[in-house]
Amino acid sequence: MPNGTATKMWALPNATLTVPQSLLAHGGADELVEIPCPAYLIEHPKGLVLFDTGCHPAAADDPVGHWGPFAEALQINYPKELLLDRQIQALGYKMDDIKYVIVSHLHLDHTGYLHAFPNAKFLIMENELRYAYWPDTHLRDVFVFKDIVPTRNFDWLELQGDFDVFGDSSLHLLKTPGHTPGESSLYVHLPNRSILLVGDTLHLRMQFDTLAGMPLDTDPAQSSLSIQRIKALRDLHEASVWISHDPEDWVEFPHAPAPIE
Ligand SMILES: [Zn+2]
């Protein structure tokens, strides 16, 4: 079996949101926590890959105008220097250098820059695009049409299950549904370490103990199974798990401009 590696990865800071811990995980406290919404840029010999795309630049100036009333519950903080295009350019790349965009799911804090890569190939698990267009009524405010509709004619590849992105085991997209129907995680094999980027499969480390999802999950039972899957893969591959929104993880791992190798 081929055993390639990605060359390096950068975690790109983006907006932060401030929300009650109880919105992030069942069993969470009422206290407010400020959470990161990072994107990840991954360098591979066959091309540059972006995992998730942060928040839309319009949400920096007028969150309610762009996101709708749900924005009031999120208390976004989005300094201009953290706009995704500026972060990518600061590393010496152009937006057009990115060949593949992988989207963990289509919630509004992950879809902000989908529109900015008209020439890239997009990878996503099946059912996510359809669900985002017509979500369950009580969850529809978490999806923003304005982010998704401009990508309708982009080159989307919808996957039915796990997918070895470059065929060399370096980047493995994993089906981890429950938070949304097409939620996915990305296993990244780097020269010196392996990292599981879990998107919103978990929001806080405490969920490894509770095995419980969060209040906005579409399918709580699937969420719990996906958390167990991440735990098993973590142990099997001796990988580090990076929970995108967990403030402790953000502090623990290096982020741009420092690469992870
Ligand atoms: Zn989400």
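Just so it is clear, none of the values below were taken in a lab; they were calculated from the coordinates. For clarity, every value in this text was computed on a predicted model and none was experimentally measured. Note: ideal-geometry Cβ built from the backbone for every residue, glycine included; neighbour counts use all protein chains shown.
DSSP beta bridges in the range 8-252, what fraction antiparallel, as a percent rounded to 5? Could the numbers behind the result be given before it?
On the way: 27 of 42 bridges.
The antiparallel fraction comes to roughly 65 percent.
About its Cα centre, the dipole of the chain is roughly 600 debye, where the only charges are +1 on Lys and Arg Cβ and -1 on Asp and Glu Cβ. Charging the Cβ of each Asp and Glu at -1 and of each Lys and Arg at +1, and nothing else, the dipole of the range 17-156 about its Cα centre rounds to 540 debye.
Cross-link pairs exceeding 21 Å between alpha carbons, from the set Lys8/Lys46; Lys8/Lys99; Lys46/Lys175; Lys175/Lys231; Lys8/Lys94: Lys46/Lys175. Between Ala120, Ala39, Ala29, the GNM of the chain built on Cα springs shorter than 10 angstrom shows Ala29 fluctuating the most. Counting Lys and Arg as +1 and Asp and Glu as -1 over every other residue whose Cβ lies under 14 Å from the Cβ of Glu126, the net charge comes to -2. Using 0.36 nm per residue and subtracting the Cα-Cα separation, the extra length available between Asp97 and Asp155 on full extension is 19.3 nm. Highest mean first, the peptides 110-118, 133-141, 19-27 sorted by other C-beta atoms within 10 Å per residue fall in the order 110-118, 19-27, 133-141. Look at the dipole of the chain built from charges on Cβ: of Pro45, Met95, Gly182, the Cα furthest out on the positive end belongs to Pro45. Using the Karplus relation 6.51 cos²θ - 1.76 cosθ + 1.60 with θ = phi - 60°, the per-residue 3J(HN,Hα) values for the range 35-45 come to 10, x, 10, x, 10, 10, 9, 10, 9, 9, x Hz, with x marking Gly and Pro.
Note on the chain: GNM, Cα springs under 10 Å; of Ser169, Ser184, Ser244, the largest mean-square fluctuation is that of Ser169. The magnitude of the dipole of the range 1-89, with charges of +1 and -1 set on the Cβ of Lys/Arg and Asp/Glu and taken from the Cα centre, is near 480 debye. Among residues other than Asp246 with Cβ under 13 Å from its Cβ, the summed charge is -4 (Lys and Arg +1, Asp and Glu -1).
Neighbour counting of Cβ atoms within 10 Å sorts the residues Glu261, Glu248, fewest neighbours leading, into Glu248, Glu261.
The range 184-211 and the range 134-151 have Cα centres spaced 25 Å apart.
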